[in-house]
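Engineer: Take this structure first; my questions come after.
A short reminder: the numbers here are calculations on the coordinates, not readings from a lab. Not measured: the values here are computed from a predicted model. Please note: Cβ atoms are built from the backbone with ideal geometry, for glycine as well, and neighbour counts cover all protein chains shown.
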Amino acid sequence: MTTAPAPVRDPLAEPAAEFERHFRWRWLALVGFLGLMLGLAAVALASLLVPPRTRGGVPDDPDARAAWALASPGIEAGLLDLRLETSLGVASTPAGRVRPEHLRRAERAEALLIRSLARRPDDPRLHSAIGHLDLARQRPNHAARRYLAAIDLAPHHDEARLGLGVTLARLATLEPDPFKARRLELRAIAQLAAVRKSAGERLAADYDRATLLADVGRKAEAERVAAEYLARDGTSPWAERLRELLSGS
């Protein structure tokens, strides 16, 4: 009995099949990669076309509402040469006096907001509001941390940007090292420049930015920003103060 000869294998058949298999998988991977890139492009385009939404107003919380009511008559921020206006009622005036009664109200309001924050830890309005009160209580390091937390949660939170810019400038006045103080001022200018043009806080941000630009010796920029400010507010005590500061610089 004779056995049939074993079939002769084509030495090129297996490499060809292996190539087709690899090519098929590479093609699927390429399609998947292109789909992923298109998805990322769509998300990026949506972020550019859809305007960012930042929550405003008072958080829907009883302690938050009580804190806003306590602070709304006005709490002096006690700043020198810087303008701050907030939805909470913490604000600066050209006189810049710290009032004991305001400090007592700020402390009570902050205690209420901390209780509210325990229930709503992801609300940037609460972080920002506590930052305002820390600033009024002359605790700029605490205020800076609160504003940064608000911005981490809502990068377009213009009120927190304004507050952080003012706080960094305040910290610069307390810094004995002139190089560190200048870095703090430059960081403050960057935060103020990040306040959107459409935001209600832009007027105060421009005032502060013009002041700080003059402080760091960038006179041409300071005059340009001051001109933009004075075109919108040319008669208030703040406008007069800005003219005095720039002429003195």
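Engineer: Within 25 Å of P178 (Cα to Cα), touching a residue at least 60 places away in the same chain (Cβ under 8 Å) and not hydroxyl-bearing (S, T, Y): does that describe D215?
Structural biologist: Working: within 25 Å of P178 (Cα to Cα): yes; touching a residue at least 60 places away in the same chain (Cβ under 8 Å): no; not hydroxyl-bearing (S, T, Y): yes.
Considered against the rule, which asks whether it is within 25 Å of P178 (Cα to Cα), touching a residue at least 60 places away in the same chain (Cβ under 8 Å) and not hydroxyl-bearing (S, T, Y), D215 comes out as no.
Residue-wise test of (1) over 20 Å from G96 (Cα atoms); (2) polar (S, T, N, Q).
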position: L148; (1), (2): yes, no
position: D152; (1), (2): yes, no
position: G163; (1), (2): no, no
position: T173; (1), (2): no, yes
position: D206; (1), (2): no, no
position: T211; (1), (2): no, yes
position: G217; (1), (2): yes, no
position: P237; (1), (2): no, no
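Engineer: For the stretch 176-193, check the following and say yes or no: at least one residue is in a loop (DSSP other than H, G, I, E, B) and surrounded by 13 or more Cβ atoms within 10 Å (Cβ to Cβ). Full working, then the answer.
Structural biologist: We begin by selecting, within the stretch 176-193, every residue in a loop (DSSP other than H, G, I, E, B); these are 176-177.
Going one step further and asking which of them are surrounded by 13 or more Cβ atoms within 10 Å (Cβ to Cβ), we end up with none.
No, there is no match, as no residue in the stretch 176-193 is in a loop (DSSP other than H, G, I, E, B) and surrounded by 13 or more Cβ atoms within 10 Å (Cβ to Cβ).
Engineer: Right, another one. Looking only at the stretch 137-164, filter to residues that are touching a residue at least 60 places away in the same chain (Cβ under 8 Å) and farther than 21 Å from A111 by Cα; which one of those is surrounded by the fewest Cβ atoms within 10 Å (Cβ to Cβ)? Working first, answer last.
Structural biologist: Start the filter on the stretch 137-164 by keeping residues that are touching a residue at least 60 places away in the same chain (Cβ under 8 Å), which leaves 138, 154-159, 162-163.
Pick out the ones that are also farther than 21 Å from A111 by Cα and you get 154-158, 162.
Details: A154: 22, P155: 13, H156: 16, H157: 26, D158: 21, L162: 30.
Ranking the qualifying residues of the stretch 137-164, first place goes to P155.
Engineer: Report the residue count in the stretch 123-142 for those that are more than 22 Å from D61 (Cα to Cα) and in a helix (DSSP H, G or I). Step through it out loud before you land on a result.
Structural biologist: Initially, the stretch 123-142 is screened for residues more than 22 Å from D61 (Cα to Cα), giving 135-142.
Those left that are additionally in a helix (DSSP H, G or I): 135-136, 140-142.
Here the count works out to 5.
Engineer: Let me ask something else about it. Please give the helices (runs of 4 or more DSSP H) falling wholly within the stretch 197-249 in which 1 or more residues are of a type in the set (D, E, K, R) and under 21 Å from the mean Cα position of the chain (by Cα).
Structural biologist: On the way: elements: 202-215, 219-232, 237-248.
Output list reads 202-215.
Engineer: For the stretch 96-115, does any single residue satisfy the condition of being free of Cβ contacts under 8 Å to residues at least 40 places away in the same chain and under 23 Å from I151 (Cβ atoms)?
Structural biologist: Looking through the stretch 96-115, at least one residue is free of Cβ contacts under 8 Å to residues at least 40 places away in the same chain and under 23 Å from I151 (Cβ atoms).
Engineer: Filter the stretch 93-121 for residues that are more than 13 Å from A66 (Cβ to Cβ), part of a helix (DSSP H, G or I) and of a type outside the set (D, E, K, R) and give the result. Walk me through how you get there before you give the answer.
Structural biologist: First, pick out the residues of the stretch 93-121 that are more than 13 Å from A66 (Cβ to Cβ): 93-104, 106-107, 117-121.
Narrowing further to those that are part of a helix (DSSP H, G or I): 100-104, 106-107, 117-119.
P100, H102, L103, A106, L117, A118, listed by residue number.
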